[in-house]
Amino acid sequence: MAALTVQRTPVEGLLVIDLPLHGDARGWFKENWQRAKMVALGLPDFAPVQNNMSFNAAAGATRGLHAEPWDKLISLATGRIFGAWVDLRPGPGFGTSFTLELGPDKAVFVPRGVANGYQALEPDTVYSYLVNEHWSPEARGEYTYLNLADESVAIPWPIALAEAEISDADRAHPRLADVTPMAPKRTVIVGASGQLARALQAALPNAMVLGRPDFDLTDPASLEAVAWGQVGTIINASAYTAVDAAETDEGRRAAWALNVTGLGRLVEVARRHRIALVQVSSDYVFDGTIETHPEDEPFSPLGVYGQTKAAGDALVATLPRHWIVRTSWVIGEGNNFVRTMASLADRGVSPSVVGDQYGRLTFTSDLAAGIAHLIAVDAPPGTYNLTNAGPTQSWADIAKRVFELLGRSVDDVTEVTTAEYFAGKTMAPRPVHSTLALAKLANAGFEPADADERLVQYLG
């Protein structure tokens, strides 16, 4: 009896599984789908949700070639077939083919976008398809097709197609030269108007954007209205970020509703549809007593905003495919600290700026580029710190640099302590130290620009 094995093929991701048949005089038994054993041997953990069966009464019945927008495991209950697979995904593998005769002792894992065709070699053949999306008649509109008789691929069908039983629809499929490759699953950006969301749209112009007023993460109906089946990655750039307002009764409820409850619903969508989720986190999950924060530092938030971000990170970390991107002191196209200081400098104002909070600026162009990089290289799941590089500075240091670049004296900026600046105001507590370690990000192949270099560019 053969051992359970998983073998690669010339088509990327197309796998052949040898299935041991345990038999005696009564017949045989097999483990047609055994998640733990097969995943350990290299089969993707593709989370099937539906099992379909089909039957061919006579030898010669032929169907295909259909590329479907989901993964599936094809096997036989009885009979024997000739199977053919053609890669219809964009890229260098487009048009690559593979063929194999199958009996009940083999199965084939077919990844999304690889066309499959089958020809029954024996009567009374019964097929089993284990798929990871629920089938519906509308789903056929998302298929990509190839003609069974395409001359460039030249599948060597054992029974000539002229003698085979083929549907009219299958006979009408296009030749390879006329096939539009199946588009990869989409990236979705949740959040449309924030500084980071705008930078992400520039970095990922083909991404779909979900934002107000049409999409509201706190509204369950908004999530249910999205066709998540063809989404590969979600980037959550939506958050309640009013740090001081979060300390009020109304703000506390709003922060938890979006940063935790709404995010929790998005996590369940990602889990149900096997979608990778990027969550943008914050230095506010720490109390700032450590001067430089590694990714694995335990949470220690000081205020409501930090508490909600920490809770959200914990939810996202339960997903098998996730990237928590922790950042700080974000600067982009919108209202932010640098723009405020530049405006004061232009208007001749001499501000007082906190000099005992320390960190690094993060420009949204680099933050968006780093996120796009983690997705593109399929970095290992986990948490990644992502800020611009360079020395740690205080807010007062940065304000003085802005004034210097705009022709004002650095002496026009007065350094004050946090206690002095917040005296008489209702403000959320801030971490003293917000500098984030960047070694893990560099090991993943991304090194952001120096913060001062970006500041010079930002100010023109």
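Taken together, the values in this text are just the output of simple stated rules run on the coordinates, not laboratory data. Remember, predicted model here, so these are calculated numbers, not experimental data. Heads up, the Cβs are rebuilt from the backbone with ideal geometry, glycines too, and the neighbour counts pull from every protein chain shown.
Tabulated values for the structure
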read-out: Total formal charge among the other residues, if their Cβ is under 13 angstrom from that of V413, Lys/Arg +1 and Asp/Glu -1; value: -2
read-out: Spacing of the two label points (7 Å from each Cα toward its C-beta) at L161 and A3, in nm; value: 4.0
read-out: For the range 171-217, fraction of C-alpha pairs farther apart than 16 Å, in %; value: 53
read-out: Eligible lysines near K106 by straight Cα distance, threshold 27 Å, same-chain separation 8 or greater; value: K30, K37, K72
read-out: Computed Kirkwood radius, in angstrom, where 1/r is averaged over Cα pairs of the range 1-141; value: 15.5
read-out: Cα-based convex hull volume of the range 186-458 per residue, rounded to whole Å³; value: 125
read-out: Two-decimal log10 I(q)/I(0) for the chain, as the Debye equation yields it once each C-alpha is a single scatterer, q = 0.07, 0.09 Å⁻¹; value: -0.49, -0.71
read-out: Translational diffusion of the range 197-333, µm² s⁻¹ [Kirkwood Rh, Cα pairs; Stokes-Einstein; 4 °C; 1.567 mPa s]; value: 83
read-out: Rel. contact order, % - alpha carbon contacts under 8 angstrom, at least six apart, the range 5-178; value: 29
read-out: Mean separation of Cα contacts under 8 Å, 6 or more apart, over the residue count of the range 186-458: relative contact order %; value: 21
read-out: For the chain: relative contact order, % (alpha-carbon pairs under 8 angstrom, 6 or more apart); value: 12
read-out: Two-decimal ratio, the range 81-213, of alpha-carbon radius of gyration to 2.2 N^0.38 Å; value: 1.38
read-out: Inter-part distance where the range 103-140 and the range 240-291 are each reduced to a Cα centre, Å; value: 41
read-out: Around H293: net Lys/Arg minus Asp/Glu count, Cβ-Cβ under 15 Å; value: -2
read-out: The chain, helix-only ellipticity at 222 nm - DSSP H runs n ≥ 4, -39,500 (n - 2.57), divided by all residues, nearest 500; value: -6500 deg cm²/dmol
read-out: Gap separating the Cα centres of the range 6-24 and the range 400-460, nearest whole Å; value: 56
read-out: Nitroxide proxy distance, nm - points 7 Å out along Cα→Cβ at D216 and R140; value: 3.9
read-out: D346-F299 FRET efficiency (beta carbon distance; Förster radius 35 Å; 0.05 resolution); value: 0.30
read-out: Residue-count net charge about D452 - beta-carbon cut-off 14 Å; Lys, Arg +1, Asp, Glu -1; value: -1
